[in-house]
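The structure under discussion appears below in the form of structure tokens.
The values are calculated or read from the model by the stated rules, or taken from the named source; none is laboratory data. It should be emphasised that the depicted structure is a prediction, and the values quoted were computed from it without experimental measurement. Glycine gets a Cβ as well: all are built from the backbone with ideal geometry, and neighbour counts include every protein chain shown. Heavy atoms of the whole protein, side chains included, go into the accessibility calculation; ligands, DNA and RNA do not. Shrake-Rupley method; radii C 1.70, N 1.55, O 1.52, S 1.80 Å.
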Amino acid sequence: MNQQTLLIGQTIWFEGDAMQSGPDAARISTRGGIVIEQRKVVARGEADLMRESYPQAKIVDYGNSLILPGFVDAHMHYPQTRMIASWGKRLIDWLNTYTFPEEMTLADPAEARARADLTLDLALSHGTTTQVSYCTIHPCSVYAFFDAAAARGMRVFAGKTCMDRNAPDGLRDTPQTAYDDSKALLQRWHGVGRAEYVITPRFSPTSTPEQLEALGALWAEHPEVLMQTHLSEQTDEIEWVKSLFPKAKDYLDTYEQFGLLGERALYGHVIHLEPRETDRLAETGAAVVHCPTSNTFIGSGIFEAAKLASRGIRIGLATDTGGGSSFSMLRTMAAAYEIGQLAGTALHPAQLIWLATEGSARALFAQDRIGTLAVGSEADITVLNLTSTPAIAQRHARATDLWEAVFPTIMMGDDRAVQAVWVAGRQVRG
């Protein structure tokens, strides 16, 4: 008989979209139970009922700690881990000064694996069990990331970052090699274990029309995979795109005209959108990814989550390491709250948790597997200590409901709040 494990604590899960329904979408138990067996969630409910229904289960009682799905980081750059929190640049200077030199080093397979190991371990220490990463142009960087994730049992999404212009020697490929390498990597990795391949043009300024067309053709051949890129992050970037694509209707059109717009598209940042772009994102079912610490750290602007959600656009949440200034999805949720305040629409704690879990999973078409505590989902679970520091504990003591109890950890929590992490039913922290 397979070993069953019953996790007991406070639990939150969702029935519906919290960006649409707010806290009404959440289901809360102050004494809930989650039963794990063979890497999956097999039951959930009130703890006493779970004890009666699964009397042979090993019990792990977390008391008043909060049991959540593992966090899902929907947009990050693992090659940039070592350069996080580098001072004083906007996007284009950031790429030239920090990003491109760092990415050059991942031509070395050993360095790529070391960077992947470091990144994934940092993610797990902060309760993140899934990452969606850009790699570099080097195929070995993709192998390194997927190999490192497999060693930890993590579900991850990643792809070779394609660039054939406006990048230094050693970081450029061609339309043909971008297509060939991406296709070979997709065929090698997509669906192997918990790996999922993502077609990955960095963004329009670093790909010629010929390369975008080649990647659009590859996506048309494999519509089951995701495609990720960047869109409308900074105003000077948008002006650059206009100069490179003078016949395009707008930034989004530089992707759409080459077949790089669809429901399995993930666009990072999407801050300075034209009305037509918002319309097309909504019409095609594409997803967008909010990167709040990055948007403030490099001065990009205000993401309007409530406005985009009102159009039915799926939204994920992400650290955007290393443009983002934290590996923590708690800090990322806090930044999303702060930006929501600046945009005139404060996000409820339920919405912040949703974005970091099931919302991001929905953006990835993976909500049946990750970002949820639903029966049948993969048992990626994070347990939060809601009194992890004196400052948090004193505010928690005055809470009148669970949302008030959780919110101080969202706003002030860090890796000290992460009491335990389970990946595919195996405890890896705590």
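So which of Pro79, Pro109 is touching an Asp or Glu at 6+ places or on another chain (Cβ under 6 Å), surrounded by 15 or more Cβ atoms within 10 Å (Cβ to Cβ) and not assigned by the TED database to the domain that holds Ala379?
None of the others qualify; the one that does is Pro79.
Could you list, ordered by first residue, the pairs with Cβ atoms under 9 Å in which the first is in segment 167-192 and in the same structural domain as His138 (by the TED database) and the second is basic (Lys, Arg), at least 6 apart or interchain?
Sorted first by the residue in segment 167-192, then by its partner, the pairs are Ala167/Arg202; Arg172/Arg165; Asp173/Lys160; Ala178/Lys160; Asp181/Lys160; Ser182/Lys160; Leu185/Lys160.
Go through the residues of segment 381-400 one by one and say whether even a single one is open to solvent by 10 Å² or more (accessible area, probe 1.4 Å), modelled with pLDDT of 95 or more and closer than 19 Å to Leu231 by Cβ.
no
Would you confirm whether or not segment 180-188 contains a residue that is of a type in the set (Gly, Ala, Ser), closer than 19 Å to Leu91 by Cβ, over 22 Å from the mean Cα position of the chain (by Cα) and assigned to a helix (DSSP H, G or I)?
Looking through segment 180-188, none of the residues is of a type in the set (Gly, Ala, Ser), closer than 19 Å to Leu91 by Cβ, over 22 Å from the mean Cα position of the chain (by Cα) and assigned to a helix (DSSP H, G or I).
Return the total of residues in segment 9-24 being surrounded by fewer than 22 Cβ atoms within 10 Å (Cβ to Cβ) and not in a helix (DSSP H, G or I).
3
Return the residues of segment 301-350 that are in the same structural domain as Leu231 (by the TED database), under 20 Å from Arg362 (Cβ atoms) and not in a helix (DSSP H, G or I); say none if nothing qualifies.
Hits for segment 301-350 are Phe303, Glu304, Arg311, Gly312, Ile313, Arg314, Ile315, Gly316, Leu317, Ala318, Thr319, Asp320.
Determine if segment 236-244 includes at least one residue that is closer than 25 Å to Glu358 by Cα and under 24 Å from the mean Cα position of the chain (by Cα).
Within segment 236-244, none of the residues are closer than 25 Å to Glu358 by Cα and under 24 Å from the mean Cα position of the chain (by Cα).
Is there a residue being open to solvent by 10 Å² or more (accessible area, probe 1.4 Å) and either free of Cβ contacts under 8 Å to residues at least 12 places away in the same chain or of a type in the set (A, V, I, L, M) (or both) anywhere in segment 196-210?
no
So for segment 359-370 (the condition being part of a helix (DSSP H, G or I), modelled with pLDDT of 95 or more and open to solvent by 20 Å² or more (accessible area, probe 1.4 Å)), does at least one residue qualify?
Yes, segment 359-370 contains at least one residue that is part of a helix (DSSP H, G or I), modelled with pLDDT of 95 or more and open to solvent by 20 Å² or more (accessible area, probe 1.4 Å).
So is Arg331 open to solvent by 50 Å² or more (accessible area, probe 1.4 Å), of a type in the set (Lys, Arg), within 22 Å of Asp415 (Cα to Cα) and modelled with pLDDT of 95 or more or not?
Yes, satisfied.
(1) open to solvent by 10 Å² or more (accessible area, probe 1.4 Å); (2) more than 24 Å from Tyr134 (Cα to Cα): which one isn't true of Ser326, the others all being true?
Status for Ser326: all satisfied but (2).
Just checking, how many residues over segment 270-290 are out of contact with any His (no Cβ under 6 Å at 6 or more places or on another chain) and open to solvent by less than 10 Å² (accessible area, probe 1.4 Å)?
The qualifying residues number 7.
Can you tell me which residue is modelled with the lowest pLDDT among those in segment 25-41 that are within 21 Å of Asn2 (Cβ to Cβ) and surrounded by fewer than 19 Cβ atoms within 10 Å (Cβ to Cβ)?
Filtering first and then ranking leaves Gln38.
Can you name the residue in segment 82-106 that is surrounded by fewer than 21 Cβ atoms within 10 Å (Cβ to Cβ) and of a type in the set (D, E, K, R) and, of all such residues, is nearest to the chain's Cα centre (by Cα)?
Filtering segment 82-106 for residues that are surrounded by fewer than 21 Cβ atoms within 10 Å (Cβ to Cβ) and of a type in the set (D, E, K, R), the one nearest to the chain's Cα centre (by Cα) comes out as Arg82.
Which residues, taken from segment 115-139, are open to solvent by 10 Å² or more (accessible area, probe 1.4 Å) and among the charged types (D, E, K, R)?
Residues satisfying the conditions are Asp117, Asp121.
Which of the residues belonging to segment 277-294 are over 16 Å from Leu252 (Cβ atoms) and touching a residue at least 60 places away in the same chain (Cβ under 8 Å)?
Selection gives His290, Cys291.
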